[in-house]
Structures are given as C-alpha cells and as structure tokens.
Amino acid sequence: MKKISRILLIFFVTVILLFSLFLGFIYMMSNNRMENTYTVKPTPIPKFVSASDLLEGKRLYQSRGCGDCHDVDGSGKTFINDPAIGTISGANLTAGKGGILLDRSDEELAIAIRHGVGKNGRALIFMPSTDFQGMTNEDVGKLIAYLRSSPAVNKEQGEIKPGPLGRFLFVIGEIPIWVSAEQINHEVTHLENLKPTVSLEYGKYVAATCTGCHGMKLVGGPIQGAPPEWPPAQNITKVGLSHYNEVSFIQSIRTGKRPDGSEIRFPMPWQSLAILTDIELKALWLYLQSI
C-alpha cells in the first residue's frame, strides 16, 4: 500500500513539475514576442479641420468598429475579461488625463493604427491593425482629426494582462491578432487616397475591416480571442453568401435581419457597419462575390 502511495505521489509531482515547466515555456515564448520592438518609418499624415472632414472621421471611427475597444467616446474600455484568455483594454484615445492623444503626433498615431506599434516601438497587444494596415493617408488623417476634436475624457488605461490560455493560443498561432505587428509589412508605402467607387479595388479596401473576425480569407470560423459562448464568424465569401443578393445583403447590414427574417446575432457589429455608405456596401458586396 505504501509503495502504491509513493508511486502515485511521484506521478503527481512529476505531472505538476512538467506542467509548471510547460507554463514557464509558454510564458517565456509569449513574452519574447510581445516585447519585440519594430522600426516603422513615419508617413506624413494630412491635416483636416473642416466640419465635413471631421464628420467623415467620426463615421470612420464608428463604421470601422473602433468603439468596440475604445468605447463610443474614445476613452477606452475592457473588452476581454476572462481568467483564461486574459484582461485586455483599449487605450484612452482622448486628450484627458490617462489618455494618449497629447503625447502622440499624428504620424505616431498612424503607426499605431496601421502597424500595431506603439510610441516606444513595442508591439501593441490585441490591436487589430491587420484590419487597418491598408487604410489610406487621407482616411487615417480624418480619423485622427476627429479624435483630436473629441471631448477630453479623464480615464486611466485599463488593465492589459494576458492569461495562460491566451498566451498558449497565441504561441501556437491561434490568436495572431494578439501581436498584429508580426503579420504586417512595415515597409509598405501607403496610398494617399482611394476614390470611393463600386469596384473590386474599393470593395477589397472596405472588406479589410471584416478580417479581424472573419479571417484574412473571409471564410469565417472561431473568432480570435473570443469566449467559447460566442458563435463562429460566418463564411462571407460567395459560397457563404449564396442565399443573398446585393439588395438583401445591404438590407441585412442596415437592419440586422437576414433575408429569412432571423436576427443577426452578436458579436456581428451590424450597427456599426450600417453606417457604411451605399457605395461602400455595394463595393463590398462586389468584392465578396469575387472570392
């Protein structure tokens, strides 16, 4: 009996030791990647001050889902709070106490938006810059101008604390958005502007907003970093949208209801996408039908 107890004790101690070593390895690997620094050459960002340009910047903020992480007023919020995945909070993008706006140039903000890299050159955690890496200088400029025109909100940065499961999924490649800077070409030359037209080029530009949830190939599946109760993202290629036409697709985005009358469920941000213009939605439909 004593021999069996001793064997069991050795077994459990060995398992605990191996598990501790495994956790240590995951922590070290994830930390090394999260603490990487990147050199990004700043791109001159045009300045905008007119009421129409600021209104367009606000529309970009709302329609591109910035409020999902940074709240409707730009003050930031905790959007993931799970013991396993971690606690992740968006930065305060206002000029208030705890905000980053006064401490960043337009060019530094553009690097954060399009490259996922902060002022100190370190990667931003869970910043979905893969969605915005192709954003034109003009659109980025209008977005930043809107942020600078918004009321200051005094609010300290929320906690950013990766959890053990979040770290593990990141290390094995299941949450690449954890450090989006790894996925981005930091030598790219950004477009000055892109005229809104119902075209494949412009549709692809708009569709970049969808990649954070639907994947780079837009075929859907589990959403990165989402809790297990969230439904998987839908396939929004031509195959996945076979029961839609252009009219019903746009109507669904505008109303949050599918052609069969069922409601589009959270976390699909149809309320934000409903702000897209007719040209954007028609171009998006055209592009999605091409893949």
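Check Gln271 against each of (1) touching a residue at least 24 places away in the same chain (Cβ under 8 Å); (2) surrounded by fewer than 18 Cβ atoms within 10 Å (Cβ to Cβ) and name the one condition it does not meet.
(1)
Which residues, taken from the range 242-284, are assigned to a loop (DSSP other than H, G, I, E, B) and under 23 Å from the mean Cα position of the chain (by Cα)?
Gly256, Ile264, Arg265, Phe266, Pro267, Met268, Pro269, Ala274, Ile275, Leu276, Thr277
Taking Lys195 as the residue in question, decide whether it is free of Cβ contacts under 8 Å to residues at least 12 places away in the same chain and in a loop (DSSP other than H, G, I, E, B).
yes
Looking only at the range 73-99, which residues are of a type in the set (A, V, I, L, M, F, W, C) and at pLDDT 95 or above?
Result: Ala91, Leu93, Ala95.
Which of (1) in a loop (DSSP other than H, G, I, E, B); (2) crowded, with 17+ Cβ neighbours inside 10 Å; (3) without any contact (Cβ under 8 Å) to a residue 24 or more places away in the chain is the odd one out, the single condition Gln224 does not satisfy?
Unmet for Gln224, out of (1) in a loop (DSSP other than H, G, I, E, B); (2) crowded, with 17+ Cβ neighbours inside 10 Å; (3) without any contact (Cβ under 8 Å) to a residue 24 or more places away in the chain: (3).
Going through Ala233, Ala226 one at a time, which residue ends up being of a type outside the set (Ser, Thr, Tyr), outside the structural domain of Ser89 (by TED's automatic domain parsing) and at pLDDT below 85?
Going through Ala233, Ala226 in turn, the sole match is Ala226.
Going by the conditions given, is Lys58 under 30 Å from Ile275 (Cβ atoms), of a type outside the set (Asp, Glu), modelled with pLDDT of 95 or more and surrounded by 13 or more Cβ atoms within 10 Å (Cβ to Cβ)?
Spelling it out, Lys58 is indeed under 30 Å from Ile275 (Cβ atoms), of a type outside the set (Asp, Glu), modelled with pLDDT of 95 or more and surrounded by 13 or more Cβ atoms within 10 Å (Cβ to Cβ).
Of all residues in the range 138-190 being among the aromatic types (Phe, Trp, Tyr) and farther than 30 Å from Ile45 by Cβ, which is surrounded by the fewest Cβ atoms within 10 Å (Cβ to Cβ)?
Only one residue fits best here, namely Phe168.
The values are calculated or read from the model by the stated rules, or taken from the named source; none is laboratory data. Nothing here was measured: the structure is a model prediction, and the numbers come from that model. Note: ideal-geometry Cβ built from the backbone for every residue, glycine included; neighbour counts use all protein chains shown.
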